[in-house]
Each structure stands twice: as C-alpha cells, then as structure tokens.
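In what follows, a structure is listed as structure tokens, so that the remarks can point back to it.
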Amino acid sequence: MQYSPSLYVAIYAIVWTLVSANLDPTVPFDAVEALNWARNAEWGTPKNPWLVGFSMWPALGLTGEALAFYWYASHFAAIAIGMLGVWHLARRLTADTRLAWLAMLSLHLTGATNIDILPYNDNYLLVMFWPWMLWLFVRAMCDSPRYWIGFGVVAGLAAMTKYSTFALLGAMFVITLWTPANRRHYRHPAFALGLLLFTALIAPNILWLANHDFAAFRWVDDQIRQRLNLRGLRGALTAFYPVVTLAVVMHLAGMRFTRANRSVQLAACAVLPPLVPILVYFTLHDGGRISEWLQPFTVPLPALLVGCVAPATGKRAWRISRWLPVVGLTVLIGYVTVLGLNLRNAGQKFAGVKTVSLAVEQRWNQRYDAPLSFVGNDHLATWLTFYAPSQPRLMTAWSSTSRPNIYTRDLDEAEVRARGAILLGHPGRSCRRASFARTLSLWPSLSIEFRETLPFAYHGGASPIPLCVAYIAPHP
C-alpha cells in the first residue's frame with residue numbers, strides 16, 4: 001500500500017474533532033478537571049501527575065465554544081499520533097507495510113480511539129505515548145542504543161500522564177536485566193542520558209506528592225474497597241474483544257500465526273505481564289473504573305498480533321484492511337445519528353450546565369457590573385469554571401484531610417471578599433431549603449447579600465427544578 005498513514009490519521013482526527021465539537025452537548029467533566037489543574041500550574045494533581053493539566057495550558061486564554069473545541073481537537077490529535085505509532089510499531093515488528101496498515105486500521109474496532117476515550121482526560125495521552133514508547137523500546141533493544149534518549153523522554157511524559165505507565169516500565173526494566181546481552185545497555189552513554197531525562201521529568205511530581213500527602217495514590221484507595229467480584233473478567237472481555245475479533249477474522253481470511261520473533265517477544269513481555277496483577281486486583285477489589293485502566297493496553301495489541309503472522313500469509317492482510325475503514329465510518333455514522341437525533345437524550349446530556357453558567361454570570365453582571373471571579377458550595381459550581389464566560393475560580397482550597405479533586409491554589413480570603421462570589425445550592429432545593437452554612441463556616445468574613453431561586457435542568461428538555469443562587473457582594 002502506497003497511501004500515507006500520516007494523512008489517514010490526520011483526516012481521522014479532523015473528522016472526529018468536527019463531529020464531536022459540533023454535536024456533543026457538553027464536554028466531559030474531565031475537561032473541567034484538566035482546566036482547573038492547568039490554572040493551578042502545579043507539578044501534580046489529586047488524581048494524576050502533571051501532564052494532564054499542562055496539556056490544557058494552550059487553552060487558558062480561550063472561553064466557551066473555543067475552549068471546548070480545543071478539548072476535542074487536542075484529544076483526537078493525540079489519538080492520531082498514537083494510531084500512527086501503532087503503524088510504525090507494527091511495521092518494525094513485521095517489516096511488512098500491509099500488516100502495519102492492518103494493525104492501525106483495526107483500531108476502528110475499538111472505542112478506545114473515539115467514543116470511549118472522550119470521558120478520560122489521561123487515557124488519550126497514554127494512547128498517544130504508549131505505542132511510541134514500545135517502538136522506541138524495541139528499537140533501543142534490537143537496533144541501536146541511541147533510541148534510549150527518545151525513550152527516556154517519551155517514557156517520562158507517559159509516566160507523568162498516568163501512574164499506570166510504571167506497570168509497563170517495570171516490565172521493561174525486568175527485560176533489560178534478563179540476559180547479559182540486555183544488561184550491556186546499562187553501560188551505553190545513551191542509556192544514561194535517557195535515564196537522566198526520565199528522572200528530570202518525574203522528579204517534580206515526586207516532590208509534589210510528598211508535599212501533598214501522596215494524594216493521587218490515596219484517591220485511588222478512597223474509590224476501592226475489598227470484595228471479590230467479576231469486574232476483572234467483564235473488563236477484560238469488554239476491552240479486548242476487538243483484538244480477539246481481529247484474530248478470528250485474520251484466521252478466516254487465511255492468515256496463519258507462527259512463533260514471534262525477538263522484537264515481538266520483547267514488546268509482548270512489556271505489555272502482557274502487567275495485565276495480570278491489574279485484572280487480579282480488580283477481581284479482588286470493587287470500585288473504580290477498570291475500563292479506564294485497560295483502555296490504553298488495547299491500542300498496541302493489534303501490532304503485537306500481526307507480529308505473529310506467518311510471512312507467507314501476510315499478503316492476505318488487504319482482504320481485511322480494505323473493510324476496516326467501512327467499520328470506522330459505520331461507527332461515526334452511528335455516533336452522529338445518536339447525537340443528531342438525540343436518542344436517549346444523548347444530544348442534550350448536561351446541556352443545562354451551559355445554560356445556567358451563562359444565566360448566573362449574566363445576573364451577576366447586572367447586579368454588580370463586575371466579572372464573576374469565584375464560585376462555590378455545590379458540585380454544580382465546578383462547571384461554571386469552564387462554561388461561565390469569565391471562568392471564575394472555585395472557592396475550594398487544598399486540604400490534606402479532604403483532598404479535593406478540584407481546588408484553587410493559594411486561595412486568599414481577602415481576595416474572595418474583595419471580588420465577591422456566587423454560591424450555588426444543591427439542585428432541587430429552593431432558597432427556603434438551601435443551606436450554605438458549611439461553606440460560610442470556612443470563610444468567616446464573608447456574608448450573603450442576596451438569594452434567589454432559578455429554574456434549572458441538568459439535561460436539555462428535562463423538567464426544571466429549583467436552584468438557589470446566593471450572592472456575596474464585592475467589597476473592594
């Protein structure tokens with residue numbers, strides 16, 4: 001095949017960006033998290049390392065639809081880079097361009113590159129980094145030690161996206177120790193430089209964790225309790241059915257599998273062993289989202305699968321590859337249909353948070369003729385930090401006890417008093433029933449000047465419920 005994989009993934013990213021940005025009613029809540037982490041500009045967050053927040057830095061000057069568009073565009077640009085990484089990984093493992101195309105195009109079978117990836121603000125970066133990290137690892141181990149330099153950078157960025165990257169890095173470390181030939185890499189200057197670059201990228205996060213009571217690790221513990229369950233099995237079936245499907249289709253098309261070469265074995269030993277403790281852990285513990293853990297593993301697996309194809313049958317790959325874009329187009333059409341026709345209210349989900357964000361800020365401006373700087377009290381207020389035009393900050397300070405997921409760094413009570421704030425009551429309670437005592441107890445010098453009850457609905461077309469809005473007047 002003489003087509004350009006770079007052009008293909010670029011078109012894929014552009015189409016999915018335009019469709020999602022125009023049809024999705026609201027961004028996922030993970031976008032709200034990422035924006036607030038970016039504004040804090042810290043070397044860590046209560047859930048992830050620093051790169052998820054830093055990836056939103058270019059969008060800090062944007063508001064409204066432009067900010068949402070950046071969210072989708074950055075996601076699918078990263079996905080496109082990851083898909084291209086799968087192509088190059090498969091090309092290195094097989095030395096066959098046809099099999100490389102098959103591996104990349106088979107990603108149309110999984111939602112980890114489009115629909116399923118949108119709610120996870122860290123996994124899209126792992127989808128971008130992991131295939132290239134594996135490619136660099138194989139190149140460094142089998143071709144030239146100079147690739148350790150690039151590996152150190154990519155591995156460091158992947159590790160600062162999500163701590164699950166250390167599962168792969170641990171397996172890779174064991175591989176480098178396995179034989180005397182592998183251990184020779186430790187004596188090469190490129191390996192030392194790669195390790196130095198990796199350390200430089202992760203060291204700031206280690207310091208941040210130490211200063212914040214290792215909040216990211218405690219956050220995971222807070223979500224999970226010990227209980228035997230079948231979530232590990234169900235998660236594995238849900239995540240890996242595309243690879244199983246591909247293997248079956250390849251067999252039916254006349255392709256046969258053989259013993260993998262050394263480069264495929266290296267990549268497989270890096271990806272597959274870490275899955276065992278993850279699946280066992282989620283079988284013994286209930287809570288958390290196992291799909292979020294398994295999604296990034298599904299992306300490089302097609303490259304490993306095609307690496308096991310007998311060379312004599314590799315030419316049959318085109319029998320499958322030519323139909324896979326049709327599968328991808330079918331998924332896209334289904335996605336457009338569900339959102340466009342608002343099936344099961346998918347096209348209006350959480351649309352009300354945009355409406356209330358604009359309405360609340362407008363009423364604030366009418367009362368005080370000043371930008372809205374702070375919001376707080378109920379969880380709903382976090383959405384205003386993204387959709388309110390002035391992008392107010394959240395009235396939540398860091399606490400090692402409560403470890404809030406979203407907070408405002410260096411929050412100052414004097415500044416809040418000077419600029420004023422809006423407190424949102426819990427949706428469904430009018431101002432006669434709403435209470436703001438918990439929030440006001442943390443800010444003794446603040447007092448509510450005015451309250452009003454507004455109609456609110458989380459989803460477009462839903463029946464409105466009361467929402468109490470309390471105004472803390474600015475005192476310059």
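The values are calculated or read from the model by the stated rules, or taken from the named source; none is laboratory data. Bear in mind that the values here come from a model prediction, so they are computed numbers and not experimental data. Here the Cβ is made from the backbone with ideal geometry for all residues, glycine too, and neighbour counts use every protein chain on show. Heavy atoms of the whole protein, side chains included, go into the accessibility calculation; ligands, DNA and RNA do not. Shrake-Rupley method; radii C 1.70, N 1.55, O 1.52, S 1.80 Å.
Name the single residue, out of those in the range 294-308 being of a type in the set (Val, Ile, Thr) and in a helix (DSSP H, G or I), that is farthest from Trp132 (Cα to Cα).
Of all residues in the range 294-308, those of a type in the set (Val, Ile, Thr) come to 298-299, 306.
With in a helix (DSSP H, G or I) added as a condition, the list becomes 298, 306.
On the way: Thr298: 14, Val306: 17 Å.
Filtering first and then ranking leaves Val306.
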Within the range 309-328, is there a residue that is surrounded by fewer than 19 Cβ atoms within 10 Å (Cβ to Cβ), in contact (Cβ under 8 Å) with a residue 12 or more places away in the chain and not in a helix (DSSP H, G or I)? yes
Here is a list of conditions, (1) in a helix (DSSP H, G or I); (2) touching a helix residue (DSSP H, G or I) at 6+ places or on another chain (Cβ under 9 Å); (3) open to solvent by 80 Å² or more (accessible area, probe 1.4 Å), and Ala268 meets all of them except one; can you say which number that is? (3)
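For the structure I just gave you, tell me whether Asn36 is of a type in the set (S, T, N, Q), open to solvent by less than 60 Å² (accessible area, probe 1.4 Å), in contact (Cβ under 8 Å) with a residue 24 or more places away in the chain and more than 16 Å from Tyr124 (Cβ to Cβ).
Numbers: of a type in the set (S, T, N, Q): yes; open to solvent by less than 60 Å² (accessible area, probe 1.4 Å): yes; in contact (Cβ under 8 Å) with a residue 24 or more places away in the chain: yes; more than 16 Å from Tyr124 (Cβ to Cβ): yes.
Taking the combined requirement at face value, the residue satisfies it.
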What tally of residues in the range 105-120 results from selecting those that are open to solvent by less than 10 Å² (accessible area, probe 1.4 Å) and in contact with a Gly (Cβ under 9 Å, 6 or more places away or on another chain)? 5
How many residues are more than 14 Å from Gly420 (Cβ to Cβ) and open to solvent by 50 Å² or more (accessible area, probe 1.4 Å) if we restrict to the range 365-396? 2
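When the range 418-428 is examined, which residues are found to be among the hydrophobic types (A, V, I, L, M, F, W, C) and surrounded by 15 or more Cβ atoms within 10 Å (Cβ to Cβ)? It would help to see each step written out before you state the result.
The first filter runs over the range 418-428 and keeps only residues among the hydrophobic types (A, V, I, L, M, F, W, C), leaving 418, 421-424.
Ala421, Ile422, Leu423, Leu424, listed by residue number.
With over 27 Å from Arg39 (Cβ atoms) and modelled with pLDDT of 90 or more as the only criterion, which of Ile422, Ile465 stands out? Write out each step before concluding.
On the way: Ile422 fails: over 27 Å from Arg39 (Cβ atoms).
Result: Ile465 is the single residue among Ile422, Ile465 that is over 27 Å from Arg39 (Cβ atoms) and modelled with pLDDT of 90 or more.
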In the range 81-127, which residues are polar (S, T, N, Q), out of contact with any strand residue (DSSP E or B) (no Cβ under 8 Å at 6 or more places or on another chain) and part of a helix (DSSP H, G or I)? Thr97, Ser106, Thr113, Asn123
Could you check, for the range 374-382, whether at least one of its residues is under 25 Å from Pro46 (Cβ atoms), of a type in the set (Phe, Trp, Tyr) and in a loop (DSSP other than H, G, I, E, B)? no
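Quick check, is Arg259 within 27 Å of Leu134 (Cα to Cα), open to solvent by 20 Å² or more (accessible area, probe 1.4 Å) and assigned to a helix (DSSP H, G or I)?
Numbers: within 27 Å of Leu134 (Cα to Cα): yes; open to solvent by 20 Å² or more (accessible area, probe 1.4 Å): yes; assigned to a helix (DSSP H, G or I): no.
It is false that Arg259 is within 27 Å of Leu134 (Cα to Cα), open to solvent by 20 Å² or more (accessible area, probe 1.4 Å) and assigned to a helix (DSSP H, G or I).
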Close pairs from the range 413-427: first part of a helix (DSSP H, G or I), partner aliphatic (A, V, I, L, M), Cβ under 7 Å, at least 6 apart: Val416/Met395; Val416/Leu446; Arg417/Leu446
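At pLDDT 95 or above, open to solvent by 10 Å² or more (accessible area, probe 1.4 Å), under 17 Å from the mean Cα position of the chain (by Cα) and of a type in the set (Gly, Ala, Ser): is that true of Ala77 in this structure? It would help to see each step written out before you state the result.
Details: at pLDDT 95 or above: yes; open to solvent by 10 Å² or more (accessible area, probe 1.4 Å): yes; under 17 Å from the mean Cα position of the chain (by Cα): yes; of a type in the set (Gly, Ala, Ser): yes.
For Ala77, the condition - at pLDDT 95 or above, open to solvent by 10 Å² or more (accessible area, probe 1.4 Å), under 17 Å from the mean Cα position of the chain (by Cα) and of a type in the set (Gly, Ala, Ser) - is met.
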Per the filter on the range 397-417, residues of a type outside the set (Val, Ile, Thr), in contact with a Ser or Thr (Cβ under 9 Å, 6 or more places away or on another chain) and open to solvent by less than 60 Å² (accessible area, probe 1.4 Å) are Ala397, Pro404, Asn405, Tyr407, Leu411, Glu413
Could you go through the range 357-364 and let me know if any residue there is part of a loop (DSSP other than H, G, I, E, B) and either surrounded by 18 or more Cβ atoms within 10 Å (Cβ to Cβ) or more than 26 Å from the chain's Cα centre (by Cα) (or both). no
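Answer with yes or no whether Arg256 is without any contact (Cβ under 8 Å) to a residue 60 or more places away in the chain and touching a strand residue (DSSP E or B) at 6+ places or on another chain (Cβ under 8 Å).
So Arg256 passes the test.
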Can you find even one residue in the range 20-38 that is of a type outside the set (Ser, Thr, Tyr), within 30 Å of Ala310 (Cβ to Cβ), in contact with a Lys or Arg (Cβ under 9 Å, 6 or more places away or on another chain) and assigned to a helix (DSSP H, G or I)? no
Residue that is nearest to Asn48 (Cα to Cα) [pool: residues in the range 127-169 that are without any contact (Cβ under 8 Å) to a residue 60 or more places away in the chain, open to solvent by 40 Å² or more (accessible area, probe 1.4 Å) and among the aliphatic types (A, V, I, L, M)]: Val153
